[in-house]
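Novice: My structure is below; once you've seen it, I'll send some questions.
Throughout, read-outs are computed from the coordinates displayed, never taken from laboratory work. Quick caveat: nothing in here was measured; it's all calculated off a predicted structure. Here the Cβ positions follow ideal geometry from the backbone for every residue, glycine too, while neighbour counts run over all protein chains shown.
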Amino acid sequence: MILLMDEYTEKSRLLHESLKSAGIAHDCICVFYNGYLPDDVISPYAYYSGCMAQQSGRPKYFNELEIPFGFEIRGNNSTAQLYDYEKRRAGIFYAEPRHLRNINIVDYLNEAGGAVFSDHYNKYGKRFAQTLLD
């Protein structure tokens, strides 16, 4: 059986775990790759981009982000920001569960405070995608 899902949400996780617990053999395919899928869930993007190759490492903690000299990271339990003195330069968004403070997405800002591009990180602490924004 093939379990095909658009996103790996809490409900899809429960279905996936229920099928495994019932002993029903299946392949789980998730179209949207967010970098934090379980090891037994396949994503077409991750498969063809090489993200599914055996990787090691751990998620990147918010204060492990490489930043320019003179910048600082200010964070709390739900989000973090990158500052150049008092000017906000980026927003750091955590992966679920948020209290672990592992980086999921970093949105870099222009002078006006609008998002210019986003870096996406996976569960191995590697940047796997970059999205340019208008």
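Novice: Run the paramagnetic zone check for Met1: 7 angstrom along Cα to Cβ, then residues of the range 16-33 with backbone nitrogen under 18 Å.
Specialist: Residues 16-30 fall inside that zone.
Novice: Continuing with the same structure: If amide hydrogens are placed 1.01 Å from N in the peptide plane, which non-local residues have theirs closer than 5 Å to the one on Asn104?
Specialist: Amide H neighbours of Asn104: Phe93, Tyr94, Ala95.
Novice: Under 8 Å for C-alpha pairs, at least 6 residues apart: give me the relative contact order for the chain, rounded to a whole percent.
Specialist: 17 percent
Novice: Hey, another quick one. Which chymotrypsin sites (Phe, Trp or Tyr not before Pro) in the range 61-134 sit in a loop by DSSP (not H, G, I, E or B) and have at most 16 other Cβ atoms within 10 Å of their own Cβ?
Specialist: Hits after loop and neighbour filter: Phe69, Tyr85, Tyr124.
Novice: Please go through the range 48-83 and write out the GluC sites (Glu not before Pro) that DSSP classes as loop and that have at most 12 other C-beta atoms within 10 Å.
Specialist: Glu66
Novice: Given 20 °C and 1.002 mPa s, how large is the Stokes-Einstein diffusion coefficient of the chain in µm²/s, with Rh as the Kirkwood radius over Cα pairs?
Specialist: In µm²/s, the coefficient rounds to 131.
Novice: As a check on your grasp of the helix formula, calculate [θ] at 222 nm for the chain: sum -39500 (n - 2.57) over DSSP H runs of n ≥ 4, divide by the residue count, round to the nearest 500.
Specialist: Using -39500 (n - 2.57) per qualifying helix, the result is -4000 deg cm²/dmol.
Novice: Also: Relative contact order for the range 62-132 using alpha-carbon pairs under 8 Å, separation at least 6, rounded to a whole percent?
Specialist: It rounds to 19 percent for the range 62-132.
Novice: I've got another one for you. Given a cut-off of 13 Å, what percent of all Cα-Cα pairs of the range 2-49 lie beyond it?
Specialist: The calculated P(r) of the range 2-49 puts 52 percent of pairs beyond 13 Å.
Novice: Something else: First obtain the Kirkwood hydrodynamic radius of the range 62-132 from its Cα pairs, then insert it into the Stokes-Einstein equation at 25 °C and 0.890 mPa s, and state the resulting D in µm² per second as a whole number.
Specialist: It diffuses with D of about 199 µm²/s by this estimate.
Novice: Let me ask something additional. Below 8 Å between Cα atoms, with a sequence gap of 6+, how large is the relative contact order for the range 2-49 in percent?
Specialist: The normalised contact order for the range 2-49 reaches 39 percent.
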